[in-house]
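Each value in this text was obtained by applying a stated rule to the coordinates, not by laboratory testing. Keep in mind that this is a model prediction, so the values were computed, not measured. Methodologically, a virtual Cβ is constructed for each residue, glycine included, from the backbone with ideal geometry; neighbour enumeration extends over all protein chains shown.
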Amino acid sequence: MQLVSSLEQLRQQVKQWRQHGLMIGFVPTMGNLHAGHLSLVEKAKQYADKVIVSIFVNPLQFNEQSDLDAYPRTQEKDAAQLVETACDIVFMPDAKTVYPEGMAKQSKIIVSEIGDRLCGAHRPGHFDGVATVVTKLFNMVMPDIAVFGEKDYQQLLLIKKLVDDLNMPIKIIGSQTHREQNGLAMSSRNQYLSEAEKTTAGEIYHTLVDIKHSLENGRNDFTTLCEQAKQNIEQKGFDIDYIEICREIDLMPAQSSDKVLRILMAAQLGPARLIDNVTCHLA
Ligand code: PAF
C-alpha cells in the first residue's frame, strides 16, 4: 500500500494502471476510520482491480469552525488499518493541494433540490461543500467506480445526481450501514459520546425500525407517525432536527401511494449530531 500526498504522484500511478487496463475503485473519506469505512474498501475491491482511499477533512462542508477543529484526525492509525485491507493507495492531500487559492476563490458545485432538504436545510452550504470536494477528488483520482455508505443516504443520492448531471463516467455504489450491537450506526462522531450516551443513541435505529413496522402494518398517516416518534425520542434526551418518511428514489416527502420509502432521522445527543435511515418496501 502506498501513502501518497502529491497529486502528481497519484496521477502517475493511476495513468500506469490505466495503461494496463485496470479498473480503479475509489473510497473518499475524512479519516478516523472504523469498520464501516473498511467495509467500503472491500466493496470497492469487488468492482475494481485497484482501490484508492482518500483522507481529507474538507473544511468547505463544515458549518462551524469549532466542529471542524474538533474533527478527529488520526492519519497514522487510519493508514495502519488500511494496510490490512484491499487498499492500494491512501491519498492524503493537504488543504493547499485541494484548495490552492483558498476556499473563498474556489468554484463551487450546487446540486439542486436534493441538497436543500433534510440535512441540507439544517446545515446550509454543507452539501455544496460535499459536492465540490467530491467533484475535485473524482477529477484527481479519475475512478471507474466510487463507494459511499448508506448511512449518509442523502449524500449518496446527491452524489449519484451530481455524477448524472455532470456526465461523469463513474459508477456510484452504495454500501450498507455498519452498526454497533445496539443498532447505533457507526460514525466517526460516535466517539464524542460517553458510554451512557452510546447506549441511548441506539434508540435512533429502534425508532426508525418501529416506524418501518408501523408502515408495514398499514399506517399511512406519515405526519402523525413521525410526530409521535419525535415526542417519544425527545423524552430520552435527543434534540431532533428531523424525522421524515420520504420516497427512496429522490427523498421527496412520501405520499400514501408510494411503496419504496426511506425513513430518515437527524438528532443531537449531547455533543454529537447523529444521522441514520432505514429502507421500507411496502407490498
Ligand atoms: O462522507 C464523508 O466522509 C464526506 O462527506 C466525503 C464524502 C468524504 C466528502 O468529504
- Of the numbered conditions (1) touching a residue at least 24 places away in the same chain (Cβ under 8 Å); (2) in contact with a Phe, Trp or Tyr (Cβ under 9 Å, 6 or more places away or on another chain); (3) assigned to a loop (DSSP other than H, G, I, E, B), Ile110 satisfies every one except a single condition; which is it? (1)
- Item | Residues of the range 193-206 satisfying the condition of being β-branched (Val, Ile, Thr) and crowded, with 17+ Cβ neighbours inside 10 Å | Thr200, Ile204
- Note on the structure: Filter the range 149-202 for residues that are among the charged types (D, E, K, R) and over 24 Å from Arg117 (Cβ atoms); the one that is farthest from the ligand (Cβ to nearest atom) is Glu195
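At least 3 residues that are under 20 Å from the mean Cα position of the chain (by Cα), crowded, with 21+ Cβ neighbours inside 10 Å and not basic (Lys, Arg) in each: list the strands (runs of 3 or more DSSP E) lying fully within the range 1-82 that qualify.
Working: elements: 2-4, 24-29, 50-55.
Once the strands (runs of 3 or more DSSP E) in the range 1-82 are filtered for at least 3 residues that are under 20 Å from the mean Cα position of the chain (by Cα), crowded, with 21+ Cβ neighbours inside 10 Å and not basic (Lys, Arg), what remains is 24-29, 50-55.
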- Qualifying residues in the range 49-105 (those that are free of Cβ contacts under 8 Å to residues at least 40 places away in the same chain and among the polar types (S, T, N, Q)) - the one farthest from the ligand (Cβ to nearest atom): Ser66
- Message: Being surrounded by fewer than 19 Cβ atoms within 10 Å (Cβ to Cβ), touching a residue at least 40 places away in the same chain (Cβ under 8 Å) and closer than 21 Å to Asn32 by Cα: is that true of Gln181 here?
- Response: no
- Residue within the range 116-132 that is surrounded by 19 or more Cβ atoms within 10 Å (Cβ to Cβ), in contact (Cβ under 8 Å) with a residue 12 or more places away in the chain and more than 14 Å from the ligand (Cβ to nearest atom) present: yes
- Unique residue being part of a helix (DSSP H, G or I), of a type outside the set (D, E, K, R) and out of contact with any Cys (no Cβ under 8 Å at 6 or more places or on another chain) when the list is Thr207, Thr279: Thr207
- Message: Against the condition touching a residue at least 60 places away in the same chain (Cβ under 8 Å), within 22 Å of Arg262 (Cβ to Cβ) and surrounded by fewer than 21 Cβ atoms within 10 Å (Cβ to Cβ), how does Asn190 come out, does it pass?
- Response: yes
- Message: Within the range 141-156, does at least one residue satisfy the condition of being surrounded by fewer than 22 Cβ atoms within 10 Å (Cβ to Cβ), farther than 30 Å from Trp17 by Cα and in contact with a strand residue (DSSP E or B) (Cβ under 9 Å, 6 or more places away or on another chain)?
- Response: yes
- Task: From (1) in a loop (DSSP other than H, G, I, E, B); (2) touching a residue at least 12 places away in the same chain (Cβ under 8 Å), pick out the condition that doesn't hold for Val147.
- Result: (1)
